[in-house]
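Everything below concerns the one structure shown next.
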Amino acid sequence: MHDTAIEMAKRLLVDSIWKSANLEGLGTTFPKTEAILANAPTTTRTEEVLFVINMKRAWQFLLDNLQYDNCIMLLREFDKIVGELLFRYAGEIRTIPVQIGGTSWEPGMPQTGVIIDALREIGQTEDIELKALKYFCYIARTQMFIDGNKRVAQLMANKVLIENNVGIFQIPIEKLEEFKGMLIHFYETGNDAEIIVFMKNHCIRRVQG
């Protein structure tokens, strides 16, 4: 039943990981991403290699667990995978303050009960695309982990789109700067209306049905 979105995700896996790396400011090229995944020789930094390999493993976990509930345990597992050997406390709900580049706004301390309730509420959204994008926004802004939050947010948005056979979530490279500006604005205001319209228009690659 989910063949098409799953096939699309597999076909565009290198592309998705490359785009995620660029969102994080790694500047990894597409050929370099491809080489790392193919285990081919390439000059690169350890951090880039770990980022790419961890994202591949996270995608594999996502595709293997589409039936799994969209809950806090899933998010923790995503963060644990993307953060392995890259940052401390991967997969743990953070207990120390974090700062976000490009803004003086600071996210509050995450509370497990609040997160569980918020995820449950978003999960009741009927419109699948809106649900996926609401998850992205909530996870990115809550900053429940020390690091990897945007990666986890993208994985969650993808899981919702793929399990419902809609398509996949990616931030186009040519829209990256515009997206980053909107993300900062969203962080500072808490209003997701504008960024959701933007993502609906530019960040969902839909299955052609």
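The values are calculated or read from the model by the stated rules, or taken from the named source; none is laboratory data. Computed from a predicted structure; not experimentally measured. Note: ideal-geometry Cβ built from the backbone for every residue, glycine included; neighbour counts use all protein chains shown.
Candidates F87, F78: the one that is touching a residue at least 12 places away in the same chain (Cβ under 8 Å), among the aromatic types (F, W, Y) and under 23 Å from L133 (Cβ atoms) is F78.
When residues in segment 1-48 are screened for being over 18 Å from V152 (Cα atoms), of a type outside the set (G, A, S) and in contact with a Leu (Cβ under 7 Å, 6 or more places away or on another chain), 2 of them pass.
The set of residues from segment 4-15 being surrounded by 17 or more Cβ atoms within 10 Å (Cβ to Cβ), out of contact with any strand residue (DSSP E or B) (no Cβ under 7 Å at 6 or more places or on another chain) and touching a residue at least 24 places away in the same chain (Cβ under 8 Å) comprises I6, L13.
Restricted to segment 70-108, and to residues there that are touching a Lys or Arg at 6+ places or on another chain (Cβ under 9 Å), charged (D, E, K, R) and not in a helix (DSSP H, G or I), the residue that is surrounded by the most Cβ atoms within 10 Å (Cβ to Cβ) is E84.
Within segment 167-190, residues that are free of Cβ contacts under 8 Å to residues at least 24 places away in the same chain have Cβ atoms under 7 Å from residues that are aliphatic (A, V, I, L, M) in these pairs: M182/I195, counting only partners at least 6 apart in sequence or on another chain.
For (1) on the phi > 0 side of the Ramachandran plot; (2) at pLDDT 95 or above; (3) among the charged types (D, E, K, R), each residue gets a yes or a no:
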site: V52; (1), (2), (3): no, yes, no
site: A90; (1), (2), (3): no, yes, no
site: V98; (1), (2), (3): no, no, no
site: D117; (1), (2), (3): no, yes, yes
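The residue of segment 144-175 that is surrounded by the fewest Cβ atoms within 10 Å (Cβ to Cβ), among those that are touching a strand residue (DSSP E or B) at 6+ places or on another chain (Cβ under 7 Å) and in a helix (DSSP H, G or I), is I162. So which residues in segment 1-19 are touching a helix residue (DSSP H, G or I) at 6+ places or on another chain (Cβ under 6 Å) and under 21 Å from A90 (Cβ atoms)? I17, the sole residue that qualifies.
Which of (1) hydrophobic (A, V, I, L, M, F, W, C); (2) in a helix (DSSP H, G or I); (3) touching a helix residue (DSSP H, G or I) at 6+ places or on another chain (Cβ under 6 Å); (4) closer than 22 Å to N149 by Cβ does I36 not meet, given it meets every other one? Unmet condition: (4). For segment 132-141, the condition of being over 18 Å from the mean Cα position of the chain (by Cα) and surrounded by fewer than 21 Cβ atoms within 10 Å (Cβ to Cβ) holds for none of the residues.
Restricting attention to segment 176-209, the residues being part of a loop (DSSP other than H, G, I, E, B), of a type outside the set (S, T, N, Q) and more than 21 Å from R141 (Cα to Cα) number 2.
Scanning segment 176-202 for residues that are acidic (D, E) and either under 17 Å from the mean Cα position of the chain (by Cα) or loosely packed, with under 13 Cβ neighbours inside 10 Å (or both) yields a count of 3. For L85, the conditions (1) out of contact with any Leu (no Cβ under 6 Å at 6 or more places or on another chain); (2) modelled with pLDDT of 95 or more; (3) of a type outside the set (V, I, T) are fulfilled apart from (1).
Checked against (1) surrounded by 15 or more Cβ atoms within 10 Å (Cβ to Cβ); (2) modelled with pLDDT of 95 or more; (3) over 23 Å from H202 (Cβ atoms), L37 passes all but condition (2).
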